[in-house]
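Undergrad: Quick one: the structure is below, questions incoming.
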Amino acid sequence: MGDLLKGISSFRGAVFPDNSALYEKLAREGQSPQALMISCADSRVMPETITQSGPGELFVCRNAGNIVPPFQTMNGGVSSAIEYAVVALGVRDIIVCGHSDCGAMKGLCHPELLEPMPNVAAWLKHSHAAYSIVCEAYPKTIEDRDRIRAVAMENVLVQLDHLRTHPSVAAKLARNEVTLHGWFFDIETGNVLIYDGTASRFIEIEEGHPLPVAVTGREVPHVVPTLAAITAE
């Protein structure tokens, strides 16, 4: 706690004075973040640091395993954060960010680690599909470290699928007003891999090239015939 108190003192004395005008503006006008990032609560994964975002630029929701429960299964903090970001704040980009050496994914691969943590085990049921994908579709001979990494990457895609079950997100996708992104942060190297939905794989960021996306919005076709069309028939 001593280090945290020193940090607060440093912020108040050295950081805040140079940014006081920005904080005053944010307090007066409110926030307008560019994106919502759903990331792991792992202390080594710091969304604002990774993206070099300043105050008011990134709306962050962190939890064990960067999980997005399907809408119908839970009314909790993650679902509320998504709805608020999309409806109230009008974010146009949502990022699910997984990472290497993820303890939650290790728990999925080694259930015995979760025996003393029943709440964590129950929470990680929302990631079981990722584990099943790796067990069934990846080589059986894959090394344990690589298997955990693969589960972490597949988990990002599973959570993107869960995102689309949320009514607020589904509606914005239908109106082409939101884009979904899948990221993977490599702690050891500092690299951020981006999921390219067109190529169906994670790729490295190339400076000067368009940022690949996982899921784009679409224009909803008029699948229900109008009354005039029915009458004409």
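The values are calculated or read from the model by the stated rules, or taken from the named source; none is laboratory data. What you see is a predicted model; the values in this text were computed from it and never measured. Glycine also receives a Cβ, built like all others from the backbone with ideal geometry; neighbour counts cover every protein chain displayed.
Undergrad: Among (1) modelled with pLDDT of 85 or more; (2) more than 20 Å from the chain's Cα centre (by Cα), where does PRO221 come up short?
TA: PRO221 satisfies all of (1) modelled with pLDDT of 85 or more; (2) more than 20 Å from the chain's Cα centre (by Cα) except (1).
Undergrad: A further question on this structure: Inside segment 1-54, can you point out the residues that are free of Cβ contacts under 8 Å to residues at least 40 places away in the same chain, under 17 Å from ALA85 (Cα atoms) and within 15 Å of the chain's Cα centre (by Cα)?
TA: Matches in segment 1-54: GLU48 only.
Undergrad: Something else about it: Tell me which residues, restricted to segment 176-198, are farther than 24 Å from GLU48 by Cβ and surrounded by 12 or more Cβ atoms within 10 Å (Cβ to Cβ). Full working, then the answer.
TA: Step one: filter segment 176-198 for residues farther than 24 Å from GLU48 by Cβ, giving 176-177, 196-198.
Of everything in segment 176-198, those that are farther than 24 Å from GLU48 by Cβ and surrounded by 12 or more Cβ atoms within 10 Å (Cβ to Cβ) turn out to be ASN176, GLU177, ASP196, GLY197.
Undergrad: Could you grab me the full set of residues in segment 199-214 that are assigned to a loop (DSSP other than H, G, I, E, B) and surrounded by 10 or more Cβ atoms within 10 Å (Cβ to Cβ)?
TA: Of everything in segment 199-214, those that are assigned to a loop (DSSP other than H, G, I, E, B) and surrounded by 10 or more Cβ atoms within 10 Å (Cβ to Cβ) turn out to be ILE205, GLU206, LEU211, PRO212, VAL213, ALA214.
Undergrad: Quick one: VAL169 ticks every box in (1) outside any strand (DSSP E or B); (2) of a type in the set (A, V, I, L, M); (3) more than 18 Å from TYR84 (Cβ to Cβ) except a single one, so which number is it?
TA: It is condition (3) that VAL169 fails.
Undergrad: Having 3 or more residues that are among the acidic types (Asp, Glu) is the bar; report the helices (runs of 4 or more DSSP H) wholly within segment 1-86 that clear it.
TA: On the way: elements: 2-10, 16-29, 47-51, 77-83.
Hits in segment 1-86: 16-29.
Undergrad: Just give me the residues in segment 109-125 being in a loop (DSSP other than H, G, I, E, B) and under 17 Å from CYS40 (Cβ atoms), in sequence order.
TA: MET117
Undergrad: Filter segment 46-70 down to residues that are under 22 Å from HIS128 (Cβ atoms) and hydrophobic (A, V, I, L, M, F, W, C) and give me whichever is surrounded by the fewest Cβ atoms within 10 Å (Cβ to Cβ).
TA: Among them, the one singled out is ALA64.
Undergrad: Next question, about the same structure. Which residue is farthest from ASP146 (Cα to Cα), if the candidates are limited to segment 87-108 and must be touching a helix residue (DSSP H, G or I) at 6+ places or on another chain (Cβ under 6 Å) and in a strand (DSSP E or B)?
TA: That would be VAL96.
Undergrad: Now for a separate question. Restricting to segment 1-45, and then to whatever is of a type in the set (S, T, N, Q) and within 30 Å of LYS106 (Cβ to Cβ), can you tell me which residue is surrounded by the most Cβ atoms within 10 Å (Cβ to Cβ)?
TA: SER39
Undergrad: Given the conditions (1) without any contact (Cβ under 8 Å) to a residue 40 or more places away in the chain; (2) part of a helix (DSSP H, G or I), and given that ILE142 satisfies all but one, which numbered condition is not satisfied?
TA: It is condition (2) that ILE142 fails.
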